[in-house]
Amino acid sequence: MRSRITTLMVVDMVGYSSMMNANQEAAIDAVRELKHHQLEPVLSDFGGEILKRMGDGWIVAFSSISAALDSAVKVQTNLYNHPNIKLRIGCHLGEIIEDDDDFYGAGVNITQRIQTEAPPGGVMVSEDFWRQLSTEKAAVLSDAGTFNLKNISQPVRLFQWRPAPGAKGKSADVPSIAVQAFEYAPLDAETEAL
């Protein structure tokens, strides 16, 4: 068995199960489009090594942290206006252990959990990953807070990227809530307390 520290990326298609249920052919075509045109060629251009394909998901290793981030941003920017394909991408710096059949390690598990926290069309990275970036590269990520990831014993601070307004479409589609002041009646002590 061999072990190595690597930059890990987990990519997953949003809504794949629903798409497969509604239109199996369209779902398969979407995965093929990612494999041959939208995802794998970009990852390859940035030195990404596909470790595993899992239907609508990929586990990828990079020797360069900045290349991993650049490829993730490029993939998501290219897919911004795609009518059928949205991805979640998670990145982490961690150790993997490999043998002739497969690879293992906490780094893979953490990266998978980080990916599930990524916004559709966005990228989520761990603090370990973020700390290794240059100041310029780190500036494209915003602090998303600390997360308790499923089956991970320690909380993990995450940073995210979303497409910028005007990049290749509208805004980053960040949900927001507005609260309007309300009035109450009759004006007595009981309703005022409420």
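The values are calculated or read from the model by the stated rules, or taken from the named source; none is laboratory data. Keep in mind that this is a model prediction, so the values were computed, not measured. Here the Cβ positions follow ideal geometry from the backbone for every residue, glycine too, while neighbour counts run over all protein chains shown. The protein model used for the area step is the full one, side chains on, heavy atoms only, and it has no ligands, DNA or RNA in it. Shrake-Rupley method; radii C 1.70, N 1.55, O 1.52, S 1.80 Å.
Residues in region 105-128 that are loosely packed, with under 15 Cβ neighbours inside 10 Å and within 15 Å of ILE5 (Cα to Cα): ALA106 alone. Scan region 34-45 residue by residue and report those that are open to solvent by 50 Å² or more (accessible area, probe 1.4 Å) and farther than 17 Å from SER63 by Cα. Hits for region 34-45 are LYS35, HIS36, HIS37.
For region 129-138, taking the residues that are without any contact (Cβ under 8 Å) to a residue 60 or more places away in the chain and open to solvent by less than 80 Å² (accessible area, probe 1.4 Å), the one that is farthest from CYS91 (Cα to Cα) is identified as ALA138. Is it the case that some residue within region 46-59 is touching a residue at least 12 places away in the same chain (Cβ under 8 Å), open to solvent by less than 10 Å² (accessible area, probe 1.4 Å) and of a type in the set (Val, Ile, Thr)? No; the residues of region 46-59 include none that is touching a residue at least 12 places away in the same chain (Cβ under 8 Å), open to solvent by less than 10 Å² (accessible area, probe 1.4 Å) and of a type in the set (Val, Ile, Thr). Among the residues examined, ALA68 does not qualify as in a helix (DSSP H, G or I), at pLDDT below 95 and of a type outside the set (S, T, N, Q). Looking at this structure, is LYS86 under 30 Å from MET20 (Cα atoms) and open to solvent by 30 Å² or more (accessible area, probe 1.4 Å)? Against the criterion (under 30 Å from MET20 (Cα atoms) and open to solvent by 30 Å² or more (accessible area, probe 1.4 Å)), LYS86 qualifies. For SER63, the conditions (1) over 15 Å from the mean Cα position of the chain (by Cα); (2) of a type in the set (S, T, N, Q); (3) within 17 Å of PHE129 (Cβ to Cβ); (4) surrounded by 14 or more Cβ atoms within 10 Å (Cβ to Cβ) are fulfilled apart from (4). Do you know which residues across region 20-33 are open to solvent by less than 80 Å² (accessible area, probe 1.4 Å) and part of a helix (DSSP H, G or I)? Correct list: MET20, ALA26, ALA27, ILE28, ASP29, ALA30, VAL31, GLU33. Is there a residue being among the basic types (Lys, Arg) and over 22 Å from LYS137 (Cα atoms) anywhere in region 3-10? Yes. Does ALA144 satisfy being open to solvent by 10 Å² or more (accessible area, probe 1.4 Å), in contact with a Leu (Cβ under 7 Å, 6 or more places away or on another chain) and assigned to a strand (DSSP E or B)? Yes, satisfied.
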